[in-house]
Amino acid sequence: MKIAPSILSCDFSRLAEEISAAEDGGADWIHVDVMDGHFVPNITIGPRIVEAVRDATQLPLDVHLMIEQPERYIDAFIKSGATTVGIHAEACPHLHRTVAQIREAGARASVTVNPGTPANAVEAVLGDVDQVLVMTVNPGFGGQRFIAGTLAKVETLRGWIRERGLAVALEVDGGITEDTIASVARAGANAFVAGTAIFGATDYREAIAALRQAASV
Ligand code: DX5
Ligand code: ZN
């Protein structure tokens, strides 16, 4: 099981300290939300900041691109230190080409679907990716409410991954808390992004341990 704190909810004036605290608290990956103000109605982080994140931790960086035409920026984010690059199926008319570009550039390829996008949007590339990310809120902001209607999609994807014997991580992102994590874990998710539930807590170690505990029951 992987717990990936999303720095979207951290104190950006103390970015390096916040990342160290998450790492010391037992995080597995650091999740970085990149938004362009077009694909989603918010603007966040570019490659230069990812470089700073890279310098602040030993942990793998799970970079989630919520941007149009992600193929234009994949190489830049990998050069900045991304371990995994996630692109949205909705932003990629040539999805197979785009995930291949990520792998060819040396990173893990993750394909993401919004709550309104069905599982079959990524079925054809399941064998060509390292991770599928199911959005459990509509992307753009931290602190939103978990959408329970996404659970069926997690179950469907877990079924396909199992049937085909694939080593694909199944990640969820949005509204993941101590109260919601058990349901997505039971549906088959094994990587969990959490922003507010970790960076909004006073003790990150306790928050991460509580999520891990709730996910394993
Ligand atoms: C939302 C981002 C998430 C966000 C999650 O668009 O992709 O990674 O930071 O934040 P919480 O855990 O607060 O819902
Ligand atoms: Zn994210």
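Please treat every number below as a calculation from the coordinates, not as lab data. Source: prediction; values computed, not measured. Note: ideal-geometry Cβ built from the backbone for every residue, glycine included; neighbour counts use all protein chains shown.
Distance in nm between label sites at Ala182 and His96, each 7 Å beyond Cα in the beta-carbon direction?
4.3
Explain nothing, just compute: Karplus ³J(HN,Hα) = 6.51 cos²θ - 1.76 cosθ + 1.60, θ = phi - 60°, for every residue of segment 188-196 in order, whole Hz, x for Gly and Pro.
x, 6, 10, 9, 10, 8, 9, x, 4
As a footprinting exposure proxy, order Trp160, Trp29 by other Cβ within 10 Å, with the fewest listed first.
Numbers: Trp160 19, Trp29 23.
With the fewest neighbours first, Trp160, Trp29 line up as Trp160, Trp29.
For segment 28-71, list residues with backbone N below 17 Å from a point placed 7 Å from the Cα of Glu104 toward its Cβ?
Counting backbone N atoms under 17 Å from the label point, the list is 70-71.
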